[in-house]
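Enquirer: Have a look at this one.
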Amino acid sequence: PLSNKFSLAIYGILAIALIILPLWFPWKFSPAIVGYIGVTVLFVLLFSGMSIGLVMILVGFLGMAYLVNMTSGLSFLGTVPYVTIANYSLAVLPLFILMGELAFASGLSDELYFMVNKWIGHWPGGLAMATVGGCALFGAVCGSSTATAATLATVALPEMRRYNYRPILATGALASAGTLGILIPPSNGFIIYALTTNLSIGKLFISGIVPGIILSILFMCTIYIWVKCDKELAPRAPSSSWKDRLLSLRGSWGVILLFGVVMGGLYLGVFSPTEAAGIGAFGAFAFGLIRRRLTFHRFIEGLLATMKITGMIFLIIIGTMIFGYFLALTNVPANVSTFVGNLDVNRIYILLGILVLYAILGCLMDIIAMVLLTMPFVFPIITALGYDPIWFGVVMVVMMEMGLVTPPVGLNVYVISGMAKDVPMYTIFKGIVPFLLALIVMIAILIVFPDIALVLI
């Protein structure tokens, strides 16, 4: 509505005025005060509806101009975008995105789902379990949760409807299982975390394998218990013969080979993450040609989708860098880290407080923006408390998974809602509640048994 747009415009103007107003004052604020003002205005602008990348660029630029001078601010505005995007290691992101898009265009998702369905589709809630398994396997070649959910929905949703699965289970399982795409490597979530913290992408990828398997099992156990408590949720599908089960394995060789080459090469140190991404993208392209499923039209669609996703993420990364330089001048992250580190409380309570904060932020903003925005503050605290940064990366990705299905943002829920237009939004949100409990259990397991994330490193 026009009135809403007018209100958002007013909020935006007021927020920008809060930034520019100090420039007119005859006295100077201390860098720390400017930093806190900048962070406050950042959130005001975010909730006014502005793009997260543009907001961080705006606040960072004006903060630099105030603390140093306008020439310095303009200099950063002109050089940081090029220096950031020209980084060779950043090529890993669009290449892995392209790998997932080409894997989808090659029809890998269909074959993976029906393969898992042949093996466990006859179990209680078997088709929903097959959806979890299909998402986990497709996540091995696609680093995006929304892409994983949307891709599997095209094949799993009609199949579950054919066997009269209740919408609350069918859509809830799809939205939740799709989040496995950012936990099972290759993962865009791990890449973003690594670029923000200067950690090894390869180690983060490997750290996600065991937790990804465990979470997949937890999701399947959730479905089994739920269906056992209410058998009307999911009528049993017919059992497949052993011949059909064995024949179905033919459709999985491409994923196994692609995942083995990419992750095996990373684990053995044969090639770097960027080289692995390039090999993975080429492998997905070659697989599509061999199977004759990758048409020219689908190839162009995959390239365009990759460009759109990459452009959006790169804008956020550029904004993060400019805003990060501004924060570094204010010493706000260091002050916050020192304050929290000196608190006379057990470090587990601080960790739980951070996780609660992320659970709240995951309800309010995009998960990539959430990580990039908070890492300058949170990462120094985590390292100061003695937590392993690789382990915390896995915990962060699980929290990102929660953010993908929690209202009101819940991006995966909106994706599934768009594909199941006859299912009310509140039904899908009700369907993800049991899976949210599984995610909380996964967080608890990681806290109690941190070596689960580090055992393969």
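Enquirer: Remind me, relative contact order of the chain in percent, using alpha carbon pairs under 8 angstrom and six or more residues apart? Don't skip to the end; give the middle numbers.
Expert: Values: 681 pairs, mean separation 109.7, N = 457.
It rounds to 24 percent for the chain.
Enquirer: Please state the charge dipole magnitude for the chain, taken about the Cα centre, from unit charges on C-beta atoms (+1 on K and R, -1 on D and E), reported in debye and rounded to the nearest 20. Present the calculation step by step, with values, prior to reporting the outcome.
Expert: Values: 21 positive and 15 negative charges, 178 e Å.
Computed about the Cα centre, the dipole is about 860 debye.
Enquirer: Which whole-number value in Å² is the accessible area per residue of the range 111-224, probe 1.4 Å?
Expert: Details: 2760 Å² over 114 residues.
Accessible surface, normalised per residue, equals 24 Å².
Enquirer: How much mean residue ellipticity at 222 nm does the chain get from its helices, if each DSSP H run of length 4 or more adds -39500 (n - 2.57) and you divide by all residues, to the nearest 500 deg cm²/dmol? Kindly include the intermediate steps, with their values, before the conclusion.
Expert: Working: 24 runs with 351 residues, N = 457.
That calculation yields -25000 deg cm²/dmol at 222 nm.
Enquirer: Continuing with the same structure: Read phi for every residue in the range 236-245 and hand back ³J(HN,Hα) as whole Hz from Karplus 6.51 cos²θ - 1.76 cosθ + 1.60, θ = phi - 60°, with x for Gly and Pro.
Expert: Per residue, the Karplus-derived 3J(HN,Hα) values read 5, 8, x, 7, 8, 6, 5, 5, 5, 4 Hz.
Enquirer: I would also like to ask the following. Explain nothing, just compute: Karplus ³J(HN,Hα) = 6.51 cos²θ - 1.76 cosθ + 1.60, θ = phi - 60°, for every residue of the range 409-423 in order, whole Hz, x for Gly and Pro.
Expert: Those phi angles translate into 6, x, 4, 4, 5, 5, 4, 5, 4, x, 9, 10, 5, 8, 9 Hz.
Enquirer: For residue 226, what accessible area in Å² do you get when you roll a 1.4 Å probe over the heavy atoms of the protein chains, rounding to the nearest 10?
Expert: 50
Enquirer: For the ranges 76-86, 278-288, 138-148, what's the packing order if you count other beta-carbon atoms within 10 Å of each residue, average per peptide, and put the highest first? Please report the intermediate quantities before stating the final value.
Expert: Numbers: 76-86: 14.3, 278-288: 20.8, 138-148: 28.0.
Top of the packing list down: 138-148, 278-288, 76-86.
Enquirer: Order the following by accessible area, largest value first: 114, 299, 205. Probe radius 1.4 Å; ligands, DNA and RNA are ignored.
Expert: Working: 114 85, 299 55, 205 0 Å².
Final ranking, largest accessible area leading: 114, 299, 205.
Enquirer: Compute, for residue 257, the solvent-accessible surface of its heavy atoms (probe 1.4 Å) with the complete set of protein chains present, and express it in square angstrom to the nearest 10.
Expert: My reading of the accessible area for residue 257 is about 100 Å².
Enquirer: How high is the relative contact order of the range 300-457, in percent, with contacts defined as C-alpha pairs under 8 Å that are six or more residues apart?
Expert: Values: 99 pairs, mean separation 33.3, N = 158.
With pairs under 8 Å counted, the relative contact order is 21 percent.
Enquirer: What value in Å³ per residue do you get for the convex hull of the alpha-carbon atoms in the chain? Walk me through the numbers on the way to the answer.
Expert: Numbers: hull volume 70.7 nm³, N = 457.
About 155 Å³ per residue, rounded to a whole number.
Enquirer: Given the convex hull of the Cα atoms of the range 330-457, what is a quarter of its surface area in nm²? Don't skip to the end; give the middle numbers.
Expert: Details: hull surface 36.2 nm².
Projected area, direction-averaged: 9.0 nm².
Enquirer: Under a cut-off of 19 Å between alpha-carbon atoms, report the lysines in cross-link reach of residue 430, not counting same-chain residues fewer than 8 places apart.
Expert: 228, 231, 421
Enquirer: Return the inverse of the average 1/r over all pairs of distinct C-alpha atoms in the range 76-192, which is the Kirkwood hydrodynamic radius, in Å to one decimal. Don't jump to the answer; show the numbers that get you there.
Expert: Numbers: mean 1/r = 0.0668 Å⁻¹.
About 15.0 Å for the range 76-192.
Enquirer: Calculate the tail of P(r) for the range 277-404: the fraction of all Cα-Cα distances greater than 18 Å, expressed in %.
Expert: Values: 5349 of 8128 pairs.
Here the long-distance tail beyond 18 Å is 66 percent of all Cα pairs in the range 277-404.
Enquirer: For the range 395-457, compute Rh as the Kirkwood radius over C-alpha pairs and then the Stokes-Einstein diffusion coefficient at 37 °C and 0.692 mPa s; write the answer in µm²/s, rounded to an integer.
Expert: Working: Rh = 12.9 Å.
Estimated via Stokes-Einstein, D reaches 254 µm²/s.
Enquirer: Residue 245 accessible area, nearest 10 Å², 1.4 Å probe?
Expert: Approximately 20 Å² for this residue.
Enquirer: Here's something else I'd like to know. When the convex hull of the C-alpha atoms of the range 206-280 is computed, what volume per residue in Å³ does it have? Please list the in-between numbers first.
Expert: On the way: hull volume 9.7 nm³, N = 75.
Enclosed volume per residue, from the Cα hull, is 129 Å³.
Enquirer: Counting other Cβ atoms within 10 Å, keep those with at most 11, restrict to DSSP loop, and tell me which trypsin sites (Lys or Arg not before Pro) in the range 253-312 are left.
Expert: On the way: sites: 291, 292, 293, 298, 308; in loops: 291, 292, 293.
Those satisfying the criteria are 292.
Enquirer: Each residue of the range 123-138 in order: what ³J(HN,Hα) in whole Hz does its phi give by Karplus 6.51 cos²θ - 1.76 cosθ + 1.60, θ = phi - 60°, with x for Gly and Pro?
Expert: 5, x, x, x, 5, 5, 5, 4, 5, 4, x, x, 5, 5, 5, 5
The values are calculated or read from the model by the stated rules, or taken from the named source; none is laboratory data. Since we're looking at a predicted model, the values are computed, not measured. So basically every Cβ, Gly included, is an ideal-geometry build from the backbone, and we count neighbours across all protein chains shown. Areas reflect the complete protein model, heavy atoms only, side chains present, ligands, DNA and RNA absent. Shrake-Rupley method; radii C 1.70, N 1.55, O 1.52, S 1.80 Å.
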